[in-house]
Structure formats: structure tokens, C-alpha cells
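Structure first, then comments.
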Amino acid sequence: MTLGMSLDVDLNDLHRMESRASSLSDDTVPPEGTAVLAVDRFGFSALNVGYADAGSSLGYWSMFPAPDGTGTIPVWGHATVLRSSHPDLAPGRTYYGLLPMATHLLVSPEAVGPRGFTDASPHRRRAAPVYNRYLDRSSDPLSTTSPSAASEVLLRPTFTTSFLLDADLAEQGWSGADALILTSASSRTAIGTAQVMRTRSQRPAIVGLTSARHMTDVRLLGCYDRVVDYDDIGSLPVGPTALVDLSGDPAVVAGIHHRLGEALVHSSAVGATHRLAPPLETSTLPGARRSLFLAPGVATRLRERLGVASVERTLAAAWRICAHEMQDWFEVREAQDATTVQQVYRQVLEGTVAPRHGWVLSLRPGTT
Ligand SMILES: NC(=O)c1ccc[n+]([C@@H]2O[C@H](COP(=O)([O-])OP(=O)(O)OC[C@H]3O[C@@H](n4cnc5c(N)ncnc54)[C@H](OP(=O)(O)O)[C@@H]3O)[C@@H](O)[C@H]2O)c1
């Protein structure tokens, strides 16, 4: 039997992560209409650090409430129904969705059907629907075509964004760019975007920009037409170019805008992996005006234009190809104890984890 615990961070110092005993265990009898899930496995990347950085401003701390002054970081992964007091949710079923860094989750299932359910717990009502939906792994098309359970939790959380980035840029005719630069090229969001772009017959050249220490690994990936070190921005050819920035690093972004000037035809901000970099002043930069990429807006536009079923089919088809390509590059590493999970967390927070090390985490020993 697994006793309940969660890993919570100090909201004033994200480096401080501590374990907390929870009231849930494998033996908990859920109140009427609710169910207890076992959190089987989850991935952890800069995406989740972004949730912590924006925890107060964007409401991520309210998804899995923790004691005052602390927060439970949301992670994407797999969970199995352990005990259910809901008539339509059967024990033993496994789902993909947003989970706490914990051993258990109590949910109030709503809209239960063969494709999944929604957690209607009061504290989650303000979150976007995508965060509250749990997809049945036995029928979900991305789950059933994943190369493995591990690759699904590693690569799927950022893949929808990669897919939407590609779709949005293609819809705009790549803004007329001959080349597209992805910063933080060693991140899974950038790798996924490059992989989806490569499935197209007509696309700009894909340039991956990364740090010197990641050059060798990123070249080995083979998904970029060219890999450039942040220190070599001055070597970028000047021609119609689009920039998709995942680094949020003012030195990198300003360097690209100044190098390319009016030849920079598109510039969007998607992430901020270089999270300790100072704020970026963009109003005076030459070239395209920097825009903020908002995945929900792009998804809505795409669904309205192509229809929900068509978008889901295209996403599943892209995943089938790209997940297999990407998983070959990642070395899956597993940790199932709180101490190692905390170590991995600190490495991701500090940016010292090797990009190829795909950690699959769990706080339930014996779960793979
Ligand atoms: N807007 C959206 O909808 C959306 C969706 C998904 C992800 N994102 C954002 O995209 C970014 C990438 O997320 P991910 O999960 O794909 O990343 P990831 O796989 O964890 O990649 C991490 C990479 O980021 C860079 N990095 C991370 N921490 C760093 C640090 N402290 N100092 C310097 N470099 C650091 C390094 O790349 P380099 O050496 O190559 O720079 C590192 O290899 C995040 O900022 C995330 O929030 C946004």
C-alpha cells in the first residue's frame, strides 16, 4: 500500500521543495461522486518550471491546493483509478492528464464517457478546460499510438504546442520567410516543432539556436537544417527569416533582431527557458514586432477553420510520425523516490539537466 505524499515548493524560493504527507492513501474511500487516482508517472521539463514561475499570475497554484506559502507544481502524466464512488468511473482505468507531483489525486468526475472525464472539483473551475480533462488511454489516439508510456509522458505535454506553432506559421505562409529560427533548440518544444515542420514538403530552412554546451547533442538530433551557437548569431545569413523564441533571453532576441533587421519578418515569444535573464525591452528592436504566441487562441482558430475532427486527426497523424522520431534521441531515465525526483526537479530548474535525459518520474515505488 502506498501512503499519500506530495512534493511542494516554497512560493518564495522555488529551490526549496519538501515532501508533505497527504490525507489520501491507496485505502482512502472516496466521498460519494468522487474517485481516488494513483499518480503513476509524469514528465518534468522547463514547461513545468514555467507553470511554477507563473503559478500566482496564471492560477497554476490553485489547480492542486497546498498549504499556505507552498505550491504543488502541475505535471502531465498517467493516473489509474484506484477507488471510485462515482457510478460511471471504473477502478483500473488509466488516464492522461494534468496531475500533482504526488502519489494520489482526488477527482470529482463529470462528463464521463469512453474518451475520458472532466474533474469538476470547485478549485479547478477557473482553469481552462484542457487542464481539467482526463483522456482514457485505451481509446485516446495519441496514447494508443505512443511508442511507449514513457515517451508519451516525456514528449506529449509540449507536442500540441509544437503542432500549433507549425500550423500557425504555415497558415501565415511562414510570413514569406526562407528560414525559421528556433531558440532553445535543445528543448522538446523546439524539437517537436522542427519535427512537425519536417513532415511538410514546402517549408523554410529550420535553424536551431542553442548554447555551446548543447551543440553536439542538438546536431545529433538531425531535425535542424543548421545548428548555431548563441555566440555565433553574427553568422546568421541575412534574408527573410522568422523567429520563434523559447529562450526569453534579451541578449539572444536583441542579437537576432539587430543581426537581421528588416529581414526579420516574424518574431514570436513562446517560452522563457533562460528564466533568470532580465526583462526584454522590445519596443526599439529593428525588424518584425514581437508577438506573444497564445496556444489556446491558435487552437480555437484552427478548429473553427478546419473542424475539430480534422484538427484531431492531423494532430494524431503528426504525433504518430514525430513521437517515434523523437524518442530515439531521448535516453529514458526513471526515478521513483522522492529524493531523486527532487534532484531532477532542481536540475531542470537550474538548467543543468542534459537535454537528452528524458526523466520519467513517480512517487510510487514499483511503478514503471
Ligand atoms: N506558450 C506555450 O503554450 C508553451 C507550451 C510549451 C512550452 N512552452 C515554453 O517553452 C519552453 C521550453 O519548454 P520545454 O519543456 O520544451 O523545455 P525542455 O525540454 O525542458 O528544454 C530545456 C532547455 O531550455 C534551456 N534551458 C533550460 N533551463 C535553462 C537555464 N536555467 N538556463 C539556460 N538555459 C536553460 C536549455 O536549452 P538551450 O541550451 O538550447 O537554450 C535546455 O536544454 C519553456 O519556457 C516553456 O514554458 C510554452
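Readers should treat all values here as calculations from the given coordinates under stated rules, not as data from a laboratory. Small disclaimer: the values here were computed from a predicted structure and weren't measured. Counting neighbours? That spans all protein chains shown, and the Cβs are built from the backbone with ideal geometry, glycine included.
Assorted remarks:
- For the chain, the antiparallel share of DSSP beta bridges with both residues in that region comes to about 60%.
- Percent RCO, i.e. relative contact order, over the chain, from Cα pairs under 8 Å lying at least 6 residues apart: 16 percent
- Fewest-first ranking of Arg275, Arg305, using other Cβ atoms within 10 Å as the exposure measure: Arg305, Arg275
- Neighbourhood charge, 11 Å Cβ-Cβ cut-off, centred on Ser19 and excluding it, Lys, Arg +1 and Asp, Glu -1: -2
- The simple spin-label model puts a point 7 Å past each Cα toward its Cβ; for Glu110 and Ala316 those points are separated by 2.7 nm.
- Taking Lys and Arg as +1 and Asp and Glu as -1, the other residues whose beta-carbon sits under 13 Å from that of Asn132 total +2.
- C-alpha center-to-center spacing [segment 312-368, segment 22-80] in angstrom: 18 Å
- For the chain, the 222 nm mean residue ellipticity estimated from helices alone, with every DSSP H stretch of n ≥ 4 adding -39500 (n - 2.57) and the total spread over all residues, rounds to -9500 deg cm²/dmol.
- Using the Cβ-Cβ distance between Asp10 and Arg213 with R0 set to 25 Å, the FRET efficiency from 1/(1 + (r/R0)^6) comes to roughly 0.30.
- Ranked by the mean number of other Cβ atoms within 10 Å of their residues, highest first, the peptides 218-227, 187-196 come out as 187-196, 218-227.
- Alpha-carbon spread of segment 171-279, three principal axes, descending order, Å: 37, 32, 24
- Between segment 188-214 and segment 130-168, the C-alpha centres lie 19 angstrom from each other.
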